[in-house]
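Q: The structure's right below; bear with me while I get my questions together.
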Amino acid sequence: MDVKEQISKLLEEISKNPEIKEMFEKEPVKAIEKVTGIDLPDDVVNKIIDGVKAKLTIDNVSKAADVLKGVFNS
């Protein structure tokens, strides 16, 4: 199983489907299983959860930095 592919797939679903985003925040394992349609081993699920959380954190930090740049460049 390609973990990076599953992370990308889940990130895509989170970005376009608020229900999946909310489900991931509350019950990430259920969200992953719903999106992939597969009952994955715990070690794979944990890697996917960590990867998605890391990407979401990076995106949020990047957005905050862009806002701050706009404030200081005005």
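The values are calculated or read from the model by the stated rules, or taken from the named source; none is laboratory data. On a predicted model such as this, the values are computed, not experimentally measured, just so you know. Here the Cβ is made from the backbone with ideal geometry for all residues, glycine too, and neighbour counts use every protein chain on show. Remember, those area values only see protein heavy atoms, side chains included, never the ligands or the DNA or RNA. Shrake-Rupley method; radii C 1.70, N 1.55, O 1.52, S 1.80 Å.
Q: What tally of residues in segment 21-69 results from selecting those that are farther than 16 Å from Gln6 by Cβ and either at pLDDT below 85 or open to solvent by less than 90 Å² (accessible area, probe 1.4 Å) (or both)?
A: 14
Q: Assess whether Asn73 counts as being modelled with pLDDT of 85 or more and not hydroxyl-bearing (Ser, Thr, Tyr).
A: No.
Q: Can I ask one more? Out of segment 1-20, which residues are open to solvent by less than 50 Å² (accessible area, probe 1.4 Å) and under 17 Å from Thr57 (Cβ atoms)?
A: Hits for segment 1-20 are Ile7, Leu10, Leu11, Ile14.
Q: Looking only at segment 14-34, count every residue that is closer than 17 Å to Ala54 by Cβ and of a type outside the set (A, V, I, L, M, F, W, C) and tell me the total.
A: Of the residues in segment 14-34, 4 are closer than 17 Å to Ala54 by Cβ and of a type outside the set (A, V, I, L, M, F, W, C).
Q: Restricting the search to segment 1-12, which residues are in a helix (DSSP H, G or I) and under 21 Å from Asp42 (Cβ atoms)?
A: Val3, Lys4, Glu5, Gln6, Ile7, Ser8, Lys9, Leu10, Leu11
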